[in-house]
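Structure first, commentary second.
The values are calculated or read from the model by the stated rules, or taken from the named source; none is laboratory data. For clarity, every value in this text was computed on a predicted model and none was experimentally measured. Neighbour counts run over all protein chains shown; Cβ positions are idealised from the backbone, glycine included.
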Protein chains: 2
Amino acid sequence: MNLKQLAKELSLSISTVSKALRDSHEISIATKKKVLAKAKELNYQANPYASSLRKQKSKTIAVVIPEVVNDFFGPVINGIESIAQEKGYHVLIYLTHEDMQKEVAFTNILQNGRADGILMSLAEQTTDTLHLEALKERDIPLVFFDRVADNIDVPKIITDDFNSSVNATQHLIDNGCKRIAFLSISETLSISNKRLNGYLEACKTNHIKTDNNLVLYCTGDDQAKKDLIRKLLSRKNRPDGIFASVEKLALCAYEICEELKLNIPDDVKVISFSNLKTASLLNPSLTTITQPAFAMGREAAATLFKLVEKKGHHFLQERTVINSTLVARNSTRLSAPK
Amino acid sequence: MNLKQLAKELSLSISTVSKALRDSHEISIATKKKVLAKAKELNYQANPYASSLRKQKSKTIAVVIPEVVNDFFGPVINGIESIAQEKGYHVLIYLTHEDMQKEVAFTNILQNGRADGILMSLAEQTTDTLHLEALKERDIPLVFFDRVADNIDVPKIITDDFNSSVNATQHLIDNGCKRIAFLSISETLSISNKRLNGYLEACKTNHIKTDNNLVLYCTGDDQAKKDLIRKLLSRKNRPDGIFASVEKLALCAYEICEELKLNIPDDVKVISFSNLKTASLLNPSLTTITQPAFAMGREAAATLFKLVEKKGHHFLQERTVINSTLVARNSTRLSAPK
DNA sequence: TTTATTTGCGATAACGTTTTCGTTAAATAG
DNA sequence: CTATTTAACGAAAACGTTATCGCAAATAAA
């Protein structure tokens, strides 16, 4: 069922039917009604590809993220999707699995207009940003969230990584930690470094010794991450506090502690950036810095749509910060003195 | 940058360039090389909408699921996406949020050829299936997974719901439960009923009394679900075992137990269909029936592509069953006799 | 040499929309 | 009563591909 057939059924021209369906003022109300009725009767649906081709707009956005089985990216997608639904947009999803090669491949694919805009959170491994510049050059609307590329001049939706990290570290210190390890995911990612800097700052303020051996860059697969953490916690002078910059690392730490029979929080306290739904049900419940994932998703999508719809293109804030909140639970509870 | 411009640069016709890019045998190797080189140089990317319009194929599949913040649907998406990536397909995602109206809206939208095929898992609330029949009528390839519509004649990827439920119930009984409650999500969904029947069967076999009051249909939002469970666990003759048919209900039960100061597993044992990554880290660790989510996603996608590519259309198995595994943990641990 | 066949390429017609322009007839203005 | 505008519609040209032809020239077969 296409316009041609519909037009024939109505004994009208294609253009009239098309205009009627789009509620053009050129068409009389009477014909509009007839057309609408017939369209509904025959269950006519415009071909999206013909439409997109002609209008050079696809009503589609692309979301490029590292993974989806994740209590941060999941709610972000919810946020994005909720706005997209309101606007009648479609959402394409691309998972990099933390692989920069895939990220590059996706951005290349997305240079051909398949999506009207792109929402993106970088892979751990992403170091250079040529592929992102290419998108910028092609003038494809782009918005980063969470894991942003600082050097690319597009809107970014982030949380207050530095301050949150200061607070998290302070929280560990306040609860008695003297030797705190920081678990990072990347040496290059801006978000990692901001969090690291917050940690370093808080240590400095509190005259806590920082040590390169206490900063772990946990890359690779789960096993590799766990091996690193196991080594850290097996040292003679192991840390008494762990600050995980992402959720997965906190869970790895939990598993290793169980394996090594280390008690959380008595032997080692754990705090993490995390949106884990089950944080309060863990053994022990996990103290988290919870990011406003859903809000970030909504904000990112809303910002992207402003770009796509070219309204005040140049007045968009470069970066939008939505604060995280620290939720203290048992994994950082003050231990009774021995 | 389009074919026309590329052709002009090469002093060739549009059709020659097009064929060269698609590696047609009609074109000499020499020209092919020239064309490929120029295309790479000018970073030419075919317009996907023009292509789709012409070929009546979009290289896109749609995934319609209830939610994404979920340790079952998340891995399923991974599975789907992994196959889609191999095949060079794009993935559209639509979230129903368990709302049948949205499910209907999405299926209507997807009747216009935007996607070459659809993967779907029904919403809790989905009762009638007219919207699904419509898809079938339009001959749009469709594959169900997990939450399937039994009466629609398309391939279905499921787990052994009945047997798994029998085993789960038996596990509770073996560990001392005499009075087991079943938490369901829907009165109509086929998957819910299969799981319920497995539970009923096991109870019958073991001469355990079943009682309508022990079967809870937990619909509505989280609060509503919790209210129902709270009421269940506050009864004078409360159950000593809970079988949650989905993960979320197990988590609600955990929260209510904490609220009511009920000890798991001593006061009440809990088992659940669940793919929770943190199941082993919970307090207490949760006994689960773990579904092969990733494999189901891959299988569903692979099946869909067979339909889309029309190879042996009619020889596809109606239903593919991939077994779940029961992982016993502390939430069902045999309690010491009082 | 003549006749077939193959090789390599170009013109052109779709695919189903949207949109710009005409074109007519009726309504309004002068 | 003419002149001009407006209202309502249709014809046709895009949008960027792909695929079906057609057509030479080159090669092979007779």
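Just wondering, is there one or more residues in the range A:66-73 that are closer than 25 Å to residue A:125 by Cα, in contact (Cβ under 8 Å) with a residue 60 or more places away in the chain and assigned to a helix (DSSP H, G or I)?
Yes - at least one qualifying residue is present in the range A:66-73.
Does residue B:323 satisfy being surrounded by fewer than 19 Cβ atoms within 10 Å (Cβ to Cβ) and more than 14 Å from chain A (Cβ to nearest Cβ)?
So residue B:323 passes the test.
Which condition from (1) among the charged types (D, E, K, R); (2) away from DNA strand D (no atom under 11 Å from the Cβ); (3) surrounded by fewer than 18 Cβ atoms within 10 Å (Cβ to Cβ) is the one that residue A:81 breaks?
Evaluating residue A:81 over (1) among the charged types (D, E, K, R); (2) away from DNA strand D (no atom under 11 Å from the Cβ); (3) surrounded by fewer than 18 Cβ atoms within 10 Å (Cβ to Cβ) leaves (3) as the failure.
Scan the range B:214-266 for residues that are closer than 20 Å to residue B:327 by Cα and either of a type in the set (Lys, Arg) or in contact with a His (Cβ under 6 Å, 6 or more places away or on another chain) (or both) and jot them down.
Answer for the range B:214-266, where residues must be closer than 20 Å to residue B:327 by Cα and either of a type in the set (Lys, Arg) or in contact with a His (Cβ under 6 Å, 6 or more places away or on another chain) (or both): just B:248.
Within the range A:145-160, which residues are free of Cβ contacts under 8 Å to residues at least 60 places away in the same chain and not hydrophobic (A, V, I, L, M, F, W, C)?
A:150, A:151
For the range B:209-228, which positions are buried (at least 20 other Cβ atoms within 10 Å of the Cβ) and outside any helix (DSSP H, G or I)?
Residues satisfying the conditions are B:216, B:218.
Regarding the range B:165-182, can at least one residue be identified that is under 30 Å from residue B:91 (Cβ atoms) and assigned to a loop (DSSP other than H, G, I, E, B)?
No, because not a single residue in the range B:165-182 is under 30 Å from residue B:91 (Cβ atoms) and assigned to a loop (DSSP other than H, G, I, E, B).
Hey, could you check the range B:170-185 for residues that are buried (at least 23 other Cβ atoms within 10 Å of the Cβ) and in contact with a Ser or Thr (Cβ under 9 Å, 6 or more places away or on another chain) and say which is farthest from residue B:99 (Cα to Cα)?
B:177
Take the range B:38-59 and flag every residue that is assigned to a loop (DSSP other than H, G, I, E, B), under 14 Å from residue A:47 (Cβ atoms) and within 9 Å of another protein chain (Cβ to nearest Cβ).
Those that are assigned to a loop (DSSP other than H, G, I, E, B), under 14 Å from residue A:47 (Cβ atoms) and within 9 Å of another protein chain (Cβ to nearest Cβ): B:56, B:58.
Cβ-Cβ below 7 Å, separation at least six or inter-chain, first residue in the range B:226-243 and of a type in the set (Lys, Arg), second surrounded by fewer than 19 Cβ atoms within 10 Å (Cβ to Cβ): which pairs?
Matching pairs, first to second residue: B:226/B:255.
Pairs, please: C-beta under 6 Å, at least 6 apart or cross-chain, first residue closer than 16 Å to residue A:9 by Cα and touching a residue at least 40 places away in the same chain (Cβ under 8 Å) and in the range A:20-42, second of a type in the set (A, V, I, L, M, F, W, C) and assigned to a loop (DSSP other than H, G, I, E, B)?
Hits for this filter: A:42/A:1.
Would you point out the residue of the range A:60-74, among those that are aliphatic (A, V, I, L, M) and within 10 Å of another protein chain (Cβ to nearest Cβ), that is surrounded by the fewest Cβ atoms within 10 Å (Cβ to Cβ)?
A:69
Please list, ordered by first then second residue, the pairs with beta carbon atoms under 9 Å, 6 or more apart or interchain, first in the range A:247-259 and within 11 Å of another protein chain (Cβ to nearest Cβ) and surrounded by 22 or more Cβ atoms within 10 Å (Cβ to Cβ), second assigned to a helix (DSSP H, G or I) and among the polar types (S, T, N, Q).
A:250/A:331; A:254/A:331
For residue A:154, which of the numbered conditions (1) at pLDDT below 95; (2) more than 22 Å from residue A:76 (Cβ to Cβ); (3) not in a helix (DSSP H, G or I) fails to hold?
Going through (1) at pLDDT below 95; (2) more than 22 Å from residue A:76 (Cβ to Cβ); (3) not in a helix (DSSP H, G or I) one by one, residue A:154 breaks only (2).
Only residues that are of a type in the set (Asp, Glu) and in contact with a helix residue (DSSP H, G or I) (Cβ under 7 Å, 6 or more places away or on another chain): list them for the range B:154-184, please.
Of everything in the range B:154-184, just one residue is of a type in the set (Asp, Glu) and in contact with a helix residue (DSSP H, G or I) (Cβ under 7 Å, 6 or more places away or on another chain), namely B:161.
Scan the range B:240-253 and tell me whether some residue there is in contact with a Ser or Thr (Cβ under 6 Å, 6 or more places away or on another chain) and either in a helix (DSSP H, G or I) or at pLDDT below 95 (or both).
Taking every residue of the range B:240-253 in turn, at least one turns out to be in contact with a Ser or Thr (Cβ under 6 Å, 6 or more places away or on another chain) and either in a helix (DSSP H, G or I) or at pLDDT below 95 (or both).
For the range B:10-17, check the following and say yes or no: at least one residue is β-branched (Val, Ile, Thr) and within 27 Å of the chain's Cα centre (by Cα).
no
Could you grab the pairs with beta carbons closer than 7 Å, sequence gap of 6+ or different chains, first residue in the range A:75-92 and closer than 19 Å to residue A:277 by Cα and at the interface with chain B (Cβ under 8 Å from one of its Cβ atoms), second one surrounded by fewer than 22 Cβ atoms within 10 Å (Cβ to Cβ) and of a type in the set (A, V, I, L, M, F, W, C)?
A:75/A:294; A:78/A:294
Taking the condition within 10 Å of DNA strand C (Cβ to nearest atom), in a helix (DSSP H, G or I), within 12 Å of another protein chain (Cβ to nearest Cβ) and surrounded by fewer than 19 Cβ atoms within 10 Å (Cβ to Cβ), does residue A:15 pass?
The answer is no for residue A:15.
Here is a check on your reading of the model: is residue B:21 of a type outside the set (S, T, N, Q), within 16 Å of DNA strand C (Cβ to nearest atom) and surrounded by fewer than 22 Cβ atoms within 10 Å (Cβ to Cβ)?
It is true that residue B:21 is of a type outside the set (S, T, N, Q), within 16 Å of DNA strand C (Cβ to nearest atom) and surrounded by fewer than 22 Cβ atoms within 10 Å (Cβ to Cβ).
Consider residue A:112 carefully, then state whether it is facing chain B (nearest Cβ under 9 Å), closer than 30 Å to residue A:250 by Cβ, out of contact with any His (no Cβ under 6 Å at 6 or more places or on another chain) and at pLDDT below 95.
So residue A:112 fails the test.
Could you identify the single residue in B:306, B:269, B:311, B:236 that is surrounded by 17 or more Cβ atoms within 10 Å (Cβ to Cβ) and at pLDDT below 95?
Criteria check complete, one pass: B:306.
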